[in-house]
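Just so you know, all these numbers are worked out from the coordinates, no wet-lab data involved. Given the structure is predicted, the values throughout are model-derived calculations rather than measurements. Note that we place each Cβ from the backbone using ideal geometry, even for glycine, and neighbour counts take in every protein chain shown.
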Amino acid sequence: MTTVAPPTTQAVPLLDLKAQYDTIKGDIDAAVRQVIESQTFILGPLVERLEKDIAELSHSRYAVACASGTDALLLALRALDIGRGDEVITTPFTFFATAGTIHNVGATPVFVDIDPRTYNIVPEAAAAAVTSKTKAVIPVDLFGQIAAIEDVARLMPNVPIIEDAAQTIGAERRIDGVTRMAGEVATIGTFSFYPSKNLGAYGDGGMIVTQSEQLATVLRKLRTHGGLRTYYHDIVGFNSRLDTLQAAVLQAKLPHLARWSAKRRANAEYYTAALGDVPEVAVPYVDPANTCIFNQYTLRAERRDELQTYLKEQGIGTAIYYPLPLHLQPCFAYLGYTAGDCPEAEKAAKEVLSIAIFPELTRAQQDRVIGAIRAFYGRQSS
Ligand SMILES: Cc1ncc(COP(=O)(O)O)c(C=O)c1O
């Protein structure tokens with residue numbers, strides 16, 4: 001006998017981390033208790049083990065844990081010796097940290113537009129923005145799919161690539177017939193373990209991957225005040241260590257990551273099948289080269305703000321990633337960009353709406369979200 005999930009009138013949050021914790025409580029509690037028993041809280045063997053496992057997952061020779069995805073970008077920029085007078089090309093349709101860190105090392109962010117289908121940087125536009133001052137390019141793998149990184153590499157062969165893979169840990173892209181992982185192909189790849197990421201810590205955390213031993217050594221120094229021997233400093237670095245407690249939580253979660261991301265893909269397929277016939281919304285496009293991990297499931301919607309308000313009234317959580325592209329942020333007014341400079345990013349900012357996609361989401365919850373969106377546009381549920 002097939003069981004049909006009962007209709008739910010419960011609220012559907014955008015993300016339900018408690019639902020995930022309930023499925024792995026025993027492992028998490030034991031891992032946390034083990035760290036407390038050991039009374040070793042900064043770096044140490046658990047962090048090293050996580051570095052080894054993330055390096056393996058990312059097909060990278062080295063991984064360096066740090067305090068956040070933001071710091072991962074900051075350390076990557078510093079490891080490439082980027083600072084005052086340098087330019088770094090990136091996308092304006094991303095979380096603030098991508099460009100904030102460029103500014104914070106003293107360099108100038110140079111924004112180029114996005115592909116309206118994937119929301120990722122247009123490689124040709126990035127290549128066209130190269131000047132004698134360009135010291136790096138930061139493609140961002142938005143919402144769970146890897147940017148066209150091989151095209152960035154091909155069109156900008158002499159420019160180091162920092163791949164902002166905060167949203168794509170474990171995502172894959174087929175390049176010339178070979179499956180490449182997020183972070184693998186770039187000069188440096190950066191991950192975030194912010195709690196809402198597919199692999200989320202119970203606090204802040206980040207990881208940097210690279211194939212270069214020299215860069216890995218500099219990155220290790222940079223995260224501990226510029227030296228590998230306590231109280232001896234080769235360069236001026238930061239305090240950006242990963243807490244052992246966070247490493248323990250992440251290690252407990254890591255065996256589940258592939259299954260969780262597959263569940264997100266299954267949830268995405270279900271939404272896409274159920275919303276594909278609503279002309280007022282566009283479902284996400286996944287580049288056929290990519291295996292997307294759907295950190296977000298992002299629609300483009302007509303009357304987006306009204307839809308968001310309507311869903312909120314129904315107890316359905318949504319979010320707008322991102323409402324104002326970075327080239328138009330007040331803090332970057334000094335760069336001189338104006339509306340119209342990155343039209344696709346500006347259009348996306350007005351239309352995108354992310355809905356719940358987390359792995360523990362039930363079909364009944366998805367049906368509620370689908371029903372509410374269809375009802376808003378005056379369409380029967382199919
Ligand atoms: C694209 C992108 N870059 C960078 C970051 C910064 O990561 P964190 O919040 O761990 O500092 C995030 C996460 O929020 C992100 O989504």
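Before moving on, here are some points about what is shown:
- Helical runs assigned H by DSSP (4 residues or longer) give the chain a calculated mean residue ellipticity at 222 nm of -11500 deg cm²/dmol, each run adding -39500 (n - 2.57) before division by the residue total.
- Shape call, segment 180-232: gyration tensor on alpha carbons, a/c limit 1.5: oblate
- As a calculated quantity, the FRET efficiency between Leu335 and Ser132 at R0 = 22 Å, using C-beta atoms, amounts to about 0.75.
- Prolate/oblate/rounded label for segment 31-183 (Cα gyration tensor, a/c 1.5): prolate
- Taking a ≥ b ≥ c as the square roots of the eigenvalues of the Cα gyration tensor, segment 234-345 is oblate, since a/c reaches 1.5 or more and a/b is not larger than b/c.
- Local net charge near Gly227, Cβ-Cβ under 9 Å (Lys/Arg +1, Asp/Glu -1): +1
- Taking amide H as placed 1.01 Å from N in the peptide plane, the amide H of Gly206 sits under 5 Å from that of Cys66, Ala67, Ser68, Phe193, each at least 5 places away or on another chain.
- Net charge of Cβ neighbours under 12 Å - reference Ser192; Lys, Arg +1; Asp, Glu -1: -3
- Measuring between their Cα centroids, segment 108-185 and segment 284-328 lie 21 Å from each other.
- Entries of Lys25/Lys347; Lys135/Lys221; Lys25/Lys221 with Cα pairs more than 32 Å apart: Lys25/Lys347; Lys25/Lys221
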